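Asker: This is the structure, below, for whatever I ask next.
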Amino acid sequence: MNSDTWLEETTLVGSKITLIPLQRKHAAALIEAAADGDLWDLWFTSVPSADTIDDYIDKALNEHSLGKALPFAVIDNKTGDIIGSTRLCEITAENDRVEIGYTWYAKRYQKTGINTECKYLLLQHAFESLNVIATELRTHWHNHVSRTAIARLGAKQDGVLRNHKKDKDGCYRDTVVFSIIDHEWPMVKHSLSYKMNR
């Protein structure tokens with residue numbers, strides 16, 4: 001992977017959504033999206049609230065400046081509204097790997113096919129533009145909805161990192177690790193395309 005290519009901000013366009021580079025000016029719209037379902041109250045996620053949005057965006061942009069992340073705001077193509085956020089993160093350029101993480105959407109957009117298209121766009125960018133050999137997806141052990149959604153994408157579970165890191169409440173979490181590797185991408189792409197076109 002070329003680290004210069006990794007650092008390039010990019011816009012990824014789908015039929016339902018567009019992923020645009022995250023900016024500080026998106027703060028209010030992100031809070032409005034997260035308010036649909038009070039997503040910040042989900043103890044096993046890291047969705048920003050009005051109190052944490054500035055730190056959330058600053059961290060994402062700082063990690064981008066360090067070459068560790070490529071953060072996006074998710075736009076509904078029909079309305080033009082920001083409906084959530086996601087990012088490519090945990091880059092290890094020397095090993096050609098990347099993680100998809102920090103993904104969340106306003107509650108009304110969950111289970112609508114938005115996540116499938118979002119992950120399709122990110123995976124396509126990772127495998128076909130950044131030329132990674134593996135893309136990881138991680139989630140909290142107790143986030144069963146996320147675990148099911150990741151498996152539905154075609155990712156395989158690599159394992160569970162026990163006592164992996166502290167949550168916002170100070171408890172240690174177990175992290176479930178999934179991945180898709182480069183030779184699996186053509187079949188995963190075919191499967192996701194089929195699901196999106198049904």
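Every read-out reported here was derived from the displayed coordinates using simple, explicitly stated rules and does not represent laboratory data. All values derive from a computational prediction rather than experimental measurement. Because the Cβ atoms are built from the backbone with ideal geometry, glycine has one as well, and the counts that use them run over all protein chains shown.
Asker: With runs of 4+ DSSP H residues as the only contributors, calculate the mean residue ellipticity of the chain at 222 nm using -39,500 (n - 2.57) per run, divided by the residue total and rounded to the nearest 500. Numbers along the way, then the final one.
Answerer: Values: 6 runs with 60 residues, N = 198.
So the calculated ellipticity at 222 nm is -9000 deg cm²/dmol.
Asker: Estimate the FRET efficiency between ASN77 and LEU7 by the formula 1/(1 + (r/R0)^6), using the beta-carbon distance for r and 35 Å for R0, to the nearest 0.05. Mind showing how you got there, number by number?
Answerer: Values: r = 26 Å, r/R0 = 0.75.
Result of the calculation: an efficiency of 0.85.
Asker: List TRP141, TRP40, TRP104 from most exposed to least, where exposure is judged by having the fewest other Cβ atoms within 10 Å. Provide the component values of the computation, followed by the final result.
Answerer: Details: TRP141 15, TRP40 20, TRP104 25.
Ascending number of Cβ neighbours within 10 Å: TRP141, TRP40, TRP104.
Asker: Please give the Cα centre distance for the stretch 78-108 versus the stretch 134-161, rounded to the nearest Å.
Answerer: 14 Å
Asker: Suppose every K and R has +1 on its Cβ and every D and E has -1 on its Cβ; what is the size of the dipole of the stretch 82-198 about the Cα centre, in Debye to the nearest 20?
Answerer: On the way: 18 positive and 13 negative charges, 141 e Å.
Value, rounded to 20: 680 debye.
Asker: Here is a follow-up. Could you tell me the relative contact order of the chain? Use alpha-carbon pairs under 8 Å, at least six residues apart, and round to a whole percent.
Answerer: Numbers: 343 pairs, mean separation 37.4, N = 198.
Computed value for the chain: 19 percent relative contact order.
Asker: At most 14 other Cβ atoms within 10 Å plus a DSSP loop assignment makes a site exposed; report the longest stretch of the chain without any exposed GluC sites (Glu not before Pro). Can you show the working numbers first?
Answerer: Working: sites that count: GLU8, GLU9.
With GluC sites (Glu not before Pro) excluded where exposed in loops, the chain gives 10-198 as its longest stretch.
Asker: Counting other beta carbons within 10 Å of each residue's own, what order do PHE72, PHE127 fall into, fewest first?
Answerer: Working: PHE72 28, PHE127 22.
Ordered from fewest to most neighbouring Cβ atoms within 10 Å, PHE72, PHE127 come out as PHE127, PHE72.
Asker: Assigning unit charges at the beta carbon (Lys, Arg +1; Asp, Glu -1) and nothing else, what dipole magnitude in debye, to the nearest 20, does the chain show about its Cα centre? Please list the in-between numbers first.
Answerer: Details: 24 positive and 27 negative charges, 153 e Å.
Here the size comes out at about 740 debye.
Asker: Straight-line reach from LYS165: which lysines have Cα under 24 Å away, leaving out those fewer than 8 places along the same chain?
Answerer: LYS59, LYS68, LYS156
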